[in-house]
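K.L.:
First the structure, then my questions, so here it is.
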Amino acid sequence: MKAVQIVNPSEMKVVELEKPVVGAGEVLVRIKYVGFCGSDLNTFLGRNPMVKLPVVPGHEVGAVIEEIGPDVPAGFEKGMNVTLNPYTNCGKCASCRNGRVNACKHNETLGVQRNGVMCEYAVLPWTKIIPAGDISPRDCALIEPMSVGFHAVSRGQVIDNEYVMVIGCGMIGIGAIVRAALRGAVVIAVDLDDEKLELARRMGASHTVNSKTEDVHRRIQEITKGFGADVVIEAVGSPVTYVMAVDEVAFCGRVVCIGYAKSEVAFQTKYFVQKELDIRGSRNALPADFRAVINYMKAGTCPVEELITKVAVPENALEAMTEWAANPGKVFRILVRL
């Protein structure tokens, strides 16, 4: 079968791999679309320490069930549109024992710690197959990154009388904006790009702030009537935005961190104490987050066309990734059609 493989930094090619065989408790899916994630971009740029090259990228998936192995329970049918839960969980570590399998100590995400599914076929345990109803395979590839943003809102315990500041309006930040708005919060979207901020408004943000051209602190104080944001969701992963999150959160507020800062961050730790902050990490997503995104997308209000920057074929994957690497701030999702 055909697969896309990152061989070395800045080197990507189409290779032939053996088609997998379905076994007991497993489902064979025909991959239709796969999204390039930020982790794939870092792998391509040689900045992902968790990856061993060569690797097949891809964990944002739209697929169709091709074959069902023995011992798979009822509810799965050939031809069904599905997405995939790309994470593993050991069932034994502290996270798993507490039911937070998304943060398993020994997690191996498709395309990161193990080969992904930017290939024609894949076999997974039935527990990792998520039926998506009438959502098209193309649009199914948007579910996983949005679910990461949905999960961050759950981690922040967002409720309907709160101001929620989302820093970063990429695909994951957009997911957080949607989920917070659905919960009735007043959402403040912060980004450097006016086009992304305009889309954030259409996705549910009540206010937008361009951190490149506006005084963020002054604007947040104006919007929140001097209190600061009850919840700040950091979805960029830079020292500047991490510090911004702590500066702009209200006293006794919650900061939810999704992005990984690639260098050390210098905090005024007095704010941790003076504000009595809850600072929480948010990793991956739970099955409930996937289901919530699917329910949202089934409602028909998600502007999916605006979230897909480009659709490439495997032979053009290198070109598409190179284009993204040159201008990462302008891209939502690049999908590869298998």
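K.L.:
How high is the relative contact order of the range 209-313, in percent, counting Cα pairs under 8 Å that sit 6 or more residues apart?
P.N.:
20
K.L.:
Let me ask another. When only Cα pairs under 8 Å and 6 or more residues apart are kept, what is the percent relative contact order across the chain?
P.N.:
17
K.L.:
If you don't mind, there's one more thing I want to ask. Round to the nearest 10 and report in Å² the accessible area of HIS217, as given by a 1.4 Å probe over the protein chains' heavy atoms.
P.N.:
Number for this one is 100 Å².
K.L.:
Could you tell me the extents of the chain's C-alpha atoms along the three principal axes, largest first, rounded to whole Å?
P.N.:
60, 41, 38
K.L.:
For the chain, what does the accessible surface come to per residue with a 1.4 Å probe? Please give it in Å².
P.N.:
Here the per-residue accessible area is 44 Å².
K.L.:
Taking the Cα centre of the range 106-194 as origin and charging only Cβ (+1 Lys, Arg; -1 Asp, Glu), how large is the dipole, in debye to the nearest 20?
P.N.:
Dipole size: approximately 320 debye.
K.L.:
Here's a follow-up. Out of all DSSP beta bridges in the range 1-117, what portion is antiparallel? Express it as a percent rounded to 5.
P.N.:
95
K.L.:
What relative contact order, as a whole-number percentage, does the range 153-250 give when Cα pairs under 8 Å and 6 or more residues apart are counted?
P.N.:
30
K.L.:
Which one, PRO145, PRO314, ALA229, is farthest towards the positive end of the dipole of the chain when Lys and Arg carry +1 and Asp and Glu -1 on their Cβ?
P.N.:
ALA229
K.L.:
In addition: Leaving out ligands, DNA and RNA, what percent of the accessible area of the chain is carbon and sulfur, probe 1.4 Å?
P.N.:
Ligands and nucleic acids excluded, carbon and sulfur reach 50 percent.
K.L.:
Sequence neighbours fewer than 8 away in the same chain don't count; with that in mind, list the lysines whose C-alpha is under 28 Å from LYS128.
P.N.:
LYS2, LYS13, LYS19, LYS32, LYS52, LYS78, LYS92, LYS105, LYS298, LYS310
K.L.:
Would you work out if the range 158-234 is rounded, prolate or oblate? Take a ≥ b ≥ c from the square roots of the eigenvalues of the alpha-carbon gyration tensor; rounded if a/c is under 1.5, else prolate when a/b is larger than b/c, oblate otherwise.
P.N.:
oblate
K.L.:
Let me ask something else about it. To the nearest 0.05, how large is the calculated FRET efficiency for THR322 and THR127 if R₀ is 35 Å and r is the Cβ-Cβ distance?
P.N.:
The pair THR322/THR127 has a calculated efficiency of 0.45.
K.L.:
Any idea which of LEU41, GLY69, CYS104 is furthest toward the positive side of the dipole for the range 29-110, if Lys and Arg beta-carbons carry +1 and Asp and Glu beta-carbons -1?
P.N.:
CYS104
K.L.:
Charges at C-beta only: +1 for Lys and Arg, -1 for Asp and Glu. How large is the resulting dipole of the chain about its Cα centre, in Debye rounded to 20?
P.N.:
It works out to roughly 660 debye.
K.L.:
So between VAL15 and GLU67, what do we pick up on full extension, going 0.36 nm a residue minus the alpha carbon distance?
P.N.:
Contour length minus the Cα-Cα distance gives 16.4 nm.
K.L.:
Provide the per-residue ³J(HN,Hα) series for the range 264-270, in order, calculated from phi with Karplus coefficients 6.51, -1.76, 1.60 and θ = phi - 60°, each as a whole number of Hz, with x at glycine and proline positions.
P.N.:
5, 10, 9, 9, 7, 5, 4
K.L.:
Under 19 Å between alpha carbons, and skipping anything fewer than 8 positions from LYS225 in its own chain: which aspartates and glutamates qualify?
P.N.:
ASP160, GLU162, GLU214, ASP215, ASP247, GLU248
The values are calculated or read from the model by the stated rules, or taken from the named source; none is laboratory data. Keep in mind it's a predicted model, so treat the numbers as computed, not measured. Don't worry about glycine lacking a Cβ; one is built from the backbone with ideal geometry, like all the others, and counts go over all protein chains shown. Each accessible area value is taken on the protein alone, full model and side chains, heavy atoms only, with ligands, DNA and RNA left out. Shrake-Rupley method; radii C 1.70, N 1.55, O 1.52, S 1.80 Å.
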